[in-house]
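*Asks:* I'd like to ask some things about the structure below.
The values are calculated or read from the model by the stated rules, or taken from the named source; none is laboratory data. Predicted model, so just to flag it, every value in this text is computed and none were measured. Methodologically, a virtual Cβ is constructed for each residue, glycine included, from the backbone with ideal geometry; neighbour enumeration extends over all protein chains shown.
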Amino acid sequence: MSLAWGLGALSGASALAAGGYGFHAIGKDNKYDLEVYKTANEYHMINSVGLMLASSAASPLLSGALFVGGIGMFSGVLYARVIQKDHSIGANIPQYGGGALIAAWASMILRKIPK
């Protein structure tokens, strides 16, 4: 098992745990925070799968680092905003996280060339 695969699996497990926590902690009444948290959680889970797939990229270290950084900057900041009830946390950081995630997926194009 590669490092990217293991980190992706761990990230996916933490996305599931975060999703369960958020649903119970936020409650159904706070629609805006619930939607922000749901978005963070969906991106966290989808990109955890990408992190697992990074193990087969031509540069797993590059792809994996972009996925880890992107998940942290995007989902991590959105989680923090909702949990701390402060939507000013990390003002522009999620957009950089989104950029890192786009770059991570794009880096997967650089596949290994068979000999």
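*Asks:* Just wondering, is there one or more residues in region 8-28 that are closer than 25 Å to Ala91 by Cα, assigned to a loop (DSSP other than H, G, I, E, B) and either modelled with pLDDT of 95 or more or not β-branched (Val, Ile, Thr) (or both)?
*Replies:* Checked against the condition, which is being closer than 25 Å to Ala91 by Cα, assigned to a loop (DSSP other than H, G, I, E, B) and either modelled with pLDDT of 95 or more or not β-branched (Val, Ile, Thr) (or both), region 8-28 yields at least one hit.
*Asks:* Among what's in region 89-103 and is of a type outside the set (A, V, I, L, M) and out of contact with any helix residue (DSSP H, G or I) (no Cβ under 8 Å at 6 or more places or on another chain), pick the residue that is surrounded by the most Cβ atoms within 10 Å (Cβ to Cβ).
*Replies:* Step by step, filter region 89-103, then rank; the result is Gln95.
*Asks:* Of (1) at pLDDT below 95; (2) of a type in the set (Gly, Ala, Ser); (3) surrounded by fewer than 20 Cβ atoms within 10 Å (Cβ to Cβ), Ala65 satisfies all except one. Which?
*Replies:* Failed condition: (1).
*Asks:* Checking the condition hydroxyl-bearing (Ser, Thr, Tyr) and outside any helix (DSSP H, G or I), which residue from Ser88, Ser63, Ser55 passes?
*Replies:* Of the residues listed, the single one that is hydroxyl-bearing (Ser, Thr, Tyr) and outside any helix (DSSP H, G or I) is Ser88.
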